[in-house]
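Just below is one structure, and these are the notes that go with it.
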Amino acid sequence: MRARGSRMSALAAALTAAAIAGGVTASANFDPPAPAAADRARLSQLAESYLQQRADLVTRAAAQSPTPEPPAAATPSMRTELRTEFAALVRQGRTYRQADGGYIRATVDVTVNDAAEEGDTVTLHITEDTRLHHPFTPAQAAEGAPEYEEYSLPHTLTFIRGPSGSWLLASDRAELNDGLAPSTQVAASSPA
């Protein structure tokens, strides 16, 4: 009976150790939950609207007007950062227009690749697919002039829940390669 009790104690200890180890492994592999479908749809709309605004800044019409305000659905620090970037994008648009006619309009689509929510913060991994349309006539396009410049650019966008409960853009990290940045991104070598 004593040997059986020792084996039972050893078995209980082994099961406890396994449960603790399994709990540590499970918590180490814990992925934050995805945001609710309504929040994910709203965040996707905010991301697309924000990236459309960036693309519009380098088009001919935007390059002729004063720099617009950053999106209201952004944190104060992000709005401050975007004011500087938006002014640079308008200058880039003017430079493109002077060089070769620039762009006349932009079309942006966003694909959400992944989303994770942690407390009042949501991180979206998206792909921006943008077309910047050139001012060429249909005849020029028929002769081989490109209708548009197209690119796909991965971004990591972070949103936080504001005091009113609405989502605010807190950061945007575009995953730029070592090569040229798209026309909608401010790069060290961008035109002044």
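The values are calculated or read from the model by the stated rules, or taken from the named source; none is laboratory data. In this text, all values refer to a predicted model and were calculated from it rather than measured experimentally. Because the Cβ atoms are built from the backbone with ideal geometry, glycine has one as well, and the counts that use them run over all protein chains shown. Note: accessible area is taken over every heavy atom of the protein model, side chains too, but ligands, DNA and RNA are not part of it. Shrake-Rupley method; radii C 1.70, N 1.55, O 1.52, S 1.80 Å.
Within the stretch 117-134, the set of residues being more than 22 Å from Pro76 (Cβ to Cβ), in a loop (DSSP other than H, G, I, E, B) and either open to solvent by 40 Å² or more (accessible area, probe 1.4 Å) or in contact with a helix residue (DSSP H, G or I) (Cβ under 7 Å, 6 or more places away or on another chain) (or both) is empty.
Just to be sure I understand, how many residues within the stretch 53-66 are among the polar types (S, T, N, Q) and either in contact with a strand residue (DSSP E or B) (Cβ under 8 Å, 6 or more places away or on another chain) or crowded, with 17+ Cβ neighbours inside 10 Å (or both)?
Result for the stretch 53-66: 2.
Can you find even one residue in the stretch 136-151 that is among the aromatic types (Phe, Trp, Tyr), assigned to a strand (DSSP E or B) and out of contact with any Leu (no Cβ under 8 Å at 6 or more places or on another chain)? Yes, the stretch 136-151 has at least one match.
Of all residues in the stretch 157-167, which are surrounded by 15 or more Cβ atoms within 10 Å (Cβ to Cβ) and not aliphatic (A, V, I, L, M)?
Residues satisfying the conditions are Thr158, Phe159, Arg161, Trp167.
The condition of being under 16 Å from Ser171 (Cβ atoms) and open to solvent by 60 Å² or more (accessible area, probe 1.4 Å) holds for only one of Arg79, Arg83, Arg91, that being Arg83.
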